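What follows is a short report on a single structure.
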Amino acid sequence: MNKNIAILAGDGIGPEVTAEAVKALNAVAETFGHQFKYAESLIGAAAIDATGNPFPEATEESCKSADAILFGAIGDPKYDNDPNAKVRPEQGLLKMRKNLGLFANVRPVSSYDALLPISPLKEHIIKGTDFVVFRELTGGIYFGEPRGRSEDGNTAFDSCVYSKTEIERISHLAFKAAENRRKKLTLVDKANVLATSRLWRETVKEISSQYPKVELDFMFVDNAAMKIIQNPKDFDVVLTENMFGDIITDEASVISGSLGLLPSASLGTKSSLFEPIHGSYPQAAGKGIANPLGAILSAAMLLEYAFELKEESQIIKDAVANSLKAGFATEDIQKENPKNTKEVGDFVVKEIKKLVTVSA
Ligand code: IPM
Ligand code: MN
């Protein structure tokens, strides 16, 4: 298979972890006989420094002409601490999601047996967790208008806006995913307070008649935040709006063992993008301590979702599980004798090659 992949490494630890994900993709390409070509471009603070724009046109073009996009992370403290900054790296990420139409963010959450003992949560509660969050990504309070400040500057406002169409398109994806899983879908909202949430409930209920095999239930987001930690095995597919999905997936990462482990896919009608859910972690940048597994697992999602290479994707996931089993992990997971970013990436590459030989 011949494919073009746009690489947007971004800021902070983005370039380090993305480099390891590319190594994993190359290992797969080599062993399975695929050709992956990469085109790197700028995004975020790095793009602001070079061009003044956090999502330059050249980057957008590169994304649009690629078969899939692999993304690292965005964000730089020099902007976080400056409330007056006119351009922010995060604007690049939001603009990219919007302009590429990446409306569905898929975030799988599972526990790893090898990591159960290091979790702050009890083993019997998290062992066997396997759910997936469908987070709406191009609507809601992240994008709604009007937003800003009053003239005197003493009042600020953001608008949460959703159309029925926006809700419908991601709901269909979530119901289809549920049909192929354990056939349960939970809509997480705040319908006791928000008008947008009531539209979500109404719309999702309507759509559910097209998926009679899927059991649908509703949960308020505050309750869901509790239940995800109390009984994570109860969840199969979680469907939710943009900001609730942002928050509950950081929370859910505790179940897997580290924020550094969670991958994601952002799907649209024309493009798809794959990125770890963690941020740019600027304190760790350049130190070689960042966990590359979230990025590597994002590469696995890329193979599955963008190229339909299921076997190749599974090999990467197995290689990652083996590295955790072997205690070969960065310091967020392995407190004693941690490995560095590159060593973990090298181990995964070796495992990929081993696994392919075994299954051949
Ligand atoms: C994420 C991040 C982003 C978001 C930030 C960096 C804007 O937290 O991808 O989850 O809130 O969507
Ligand atoms: Mn987030």
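Each reported figure results from applying straightforward, stated rules to the coordinates on display, with no laboratory input. Just so it is clear, the structure is predicted and the values come from calculations on it, not from any experiment. Because the Cβ atoms are built from the backbone with ideal geometry, glycine has one as well, and the counts that use them run over all protein chains shown.
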(message) Shape verdict for the range 1-159, please, from the Cα gyration tensor: rounded (a/c under 1.5), prolate (a/b greater than b/c) or oblate.
(response) oblate
(request) Tell me the trypsin sites (Lys or Arg not before Pro) within the range 318-360 that lie in a loop according to DSSP and have at most 11 other beta-carbon atoms within 10 Å. (result) Lys335
(request) Scan around Leu187 for amide H atoms under 5 Å from its own, H built in the peptide plane at 1.01 Å from N, and keep only partners 5 or more places away or cross-chain. (result) Asp217, Phe218, Met219, Leu239
(message) Using each residue's phi in the range 127-137, evaluate 6.51 cos²θ - 1.76 cosθ + 1.60 at θ = phi - 60° and report the 3J(HN,Hα) Karplus result to the nearest Hz, with x for Gly and Pro.
(response) 4, x, 5, 7, 9, 9, 9, 9, 9, 5, 10
(request) Work the Kirkwood hydrodynamic radius out for the chain: mean of 1/r over every pair of different alpha-carbon atoms, inverted, in Å. (result) 21.0
(message) Can you compute the modelled spin-label distance between Asp318 and Lys184, with each label point 7 Å from Cα toward Cβ, in nm?
(response) 2.9
(message) Of Ala177, Ile118, Met226, which is farthest towards the positive pole of the range 109-258's charge dipole, taken about the Cα centre with +1 and -1 on the beta-carbons of Lys, Arg and Asp, Glu respectively?
(response) Ala177
(message) Using only DSSP helix segments of four residues or longer, with each worth -39500 (n - 2.57), what per-residue ellipticity at 222 nm results for the chain after dividing by its residue count and rounding to 500?
(response) -13500 deg cm²/dmol
(message) Apply the a/c threshold of 1.5 to the C-alpha gyration tensor of the range 109-258 and tell me whether it is rounded, prolate or oblate.
(response) oblate
(message) Test of understanding: what is the full-extension gain from Asn99 to Phe220, defined as 0.36 nm times their sequence separation minus their Cα-Cα distance?
(response) 40.5 nm
(message) With the cut-off at 1.5 for a/c, could you classify the range 182-304 from its C-alpha gyration tensor as rounded, prolate or oblate?
(response) prolate
(request) Within the range 131-146, which residues have the backbone N less than 16 Å from the label spot 7 Å out from Val193 along Cα→beta-carbon, could you tell me? (result) 141-142
(request) For Arg147 and Lys122, compute 0.36 nm times the residue count separating them, minus their Cα-Cα distance, and round to one decimal in nm. (result) 4.8 nm
(message) Between Gln210 and Asn231, what is the label-point separation in nm under the 7 Å Cα-to-beta-carbon projection?
(response) 3.1
(message) If packing is taken as the average count of other Cβ atoms within 10 Å, what order do 73-79, 196-202 fall into, highest mean first?
(response) 73-79, 196-202
(request) Would you please name the GluC sites (Glu not before Pro) within the range 325-360 that are DSSP coil residues with at most 13 other C-beta atoms within 10 Å of their C-beta? (result) Glu336
(request) For the range 269-318, run through the GluC sites (Glu not before Pro) and keep only the ones in DSSP coil with at most 15 other Cβ atoms within 10 Å of their Cβ. (result) Glu308
